[in-house]
Amino acid sequence: MIATLSGCAAFTNPVANGIPVRMLPDDMLAPSREGFEPINLALLRTKPPEIFLLDVGDTLGIYIEGIIGDESTPPPVNLPSSSELPPAIGYPFPIRDDGTISLPLAGSVKVSGMTIEQAEHAVVRAFLDKEIIREEDFRIIVTLLRPRTVRVLVVREDQVEPSVTIRNPGLRGIGASSTTIGGGATPTGNALELPIYENDLLNALTSTGGVPNNARTPEVVIYRGYAKGGDLDEVYASQLPSPDQCLCEDASNDGRQVIRIPLRKRCGQQVAIPRDEIILRDGDIVTLRSRELDRFYTGGLLPPSEQFLPPDYDLTVIEAILKSSGPLINGGVNSSNLNGNIVGSGLGNPSPSQLSVLRKLPNGQQVNINVNLNEALKDPRYNILVQADDILLLQENRDEAFSRYFFNSVFRMDFFFRILNRNDGQGSATLGFP
């Protein structure tokens, strides 16, 4: 009765009556965050073809002695930016939209769909057929000056700045503080021109900062067809869907698609990514968004705080109490109290063992789960996983509250002894019982 009138939390706890953890149905348990692994990065790259076929957008380097270039001047030599391409010789001739190049005196020559050797043969044949040059003394060189490119936008929100944490332990744990400098996300945007046959997703990622941490960024989202025709106002007005909405591919009637490429999978799971999805096209918008870390909250006899759930491994309720610097099998004593004690006085002061977990259900309702920490320490089945947005409230049960109150406040005897009594000094000792 005295404990009730004094407002003891063990007797007035509004969340004391909940579902015992041993009676909790499986659909109310938190899903595991473990068992994932990165996908094979080879799935994000395509193998270049063995034969390069010319198409619209390619630029040929052509030199025809006496016709395209002076006989007394050597042909220009261009070194390509890619080490995979040989040096190009000649003057630039882009392939037009109809797949042809326009040559002086010879006119239009179709080269689309040909190899470099076939295109050179077609150029030679065009001059021979019009008898502009003779077969025994012609000197014609055809090379690939610049391959066609695919222009894409890569928007990344997964880049994290380096962080430094400065900790001040304080005196006897009083006034302890920590300050973190940096560590925030830094959004970046890049306009890439990827050479043809190198316009796959892996090349786009490695050119803009590398493959992200798959625990924080579990997928890549490609918006295809949203910038078609260069109408960016239409892109903004369409309100691009968030990558968190679903994990499927969406397609609209006007050819727009939202393609989602996973970056991690369950261990042992087979993943097949269609080749057409990882080959980027003109106007594609590639986005990588870092997922916000899930949080849980603590209160009661736990320090009131907001804590982060690890993204790639599980956290049990026991580990959550330790993570939040809560009391666990220590008699409920906080070493940061004002008098600096690390051991409580008296025989009593049992460790608090009543943990209430307030959990939100998918339908919006809330359930109260009661966890007996003494049982959870002995049986892992009761040491359940913490879920995002859980609220952990630690309290004493009635027996623990009564023991602490009776042995520390009611049943107590103090004895005072003088062990030294001299003119030049005095000494005393105090004994408390129980």
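Summary of values
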| item | result |
| --- | --- |
| Modelled FRET efficiency - R0 35 Å, residue 130 with residue 53, Cβ distances, 0.05 increments | 0.85 |
| Cut-off 11 Å between beta-carbons: net charge of the residues surrounding residue 383, Lys and Arg +1, Asp and Glu -1 | -2 |
| Within-10-Å neighbourhood charge of residue 114 [Cβ basis; K, R +1; D, E -1] | -2 |
| Highest average packing first - 22-29, 85-92, Cβ atoms within 10 Å | 85-92, 22-29 |
| Amide H partners (placed H, <5 Å) of residue 294, local residues excluded | 309 |
| Reachable lysines, given that their alpha-carbon falls under 27 Å from the alpha-carbon of residue 130 and they are not under 8 places away in the same chain | 110 |
| Cleavage-rule hits (GluC sites (Glu not before Pro)) in the range 256-312: DSSP loop, at most 16 neighbouring Cβ within 10 angstrom | 292 |
| Neighbour net charge for residue 101 - beta-carbon separation under 15 angstrom, K R +1, D E -1 | 0 |
| Ranked packing of 188-197, 382-391, most packed first, by mean Cβ within 10 Å | 382-391, 188-197 |
| Inter-label distance for residue 328 and residue 72, nm, one decimal - labels placed 7 Å from Cα along Cα-to-Cβ | 8.9 |
| Value of relative contact order over the range 263-310, rounded to a whole percent, pairs C-alpha under 8 Å and six or more apart | 23 |
| Semi-axes of the equivalent ellipsoid for the range 16-111, Cα gyration tensor, largest first, Å | 66, 16, 11 |
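Read-outs: derived from the displayed coordinates by stated rules, not from any lab. Everything quoted here is computed from the prediction, not taken from an experiment. As a convention, Cβ positions derive from the backbone with ideal geometry for all residues, glycine included, and neighbour counts pool all protein chains shown.
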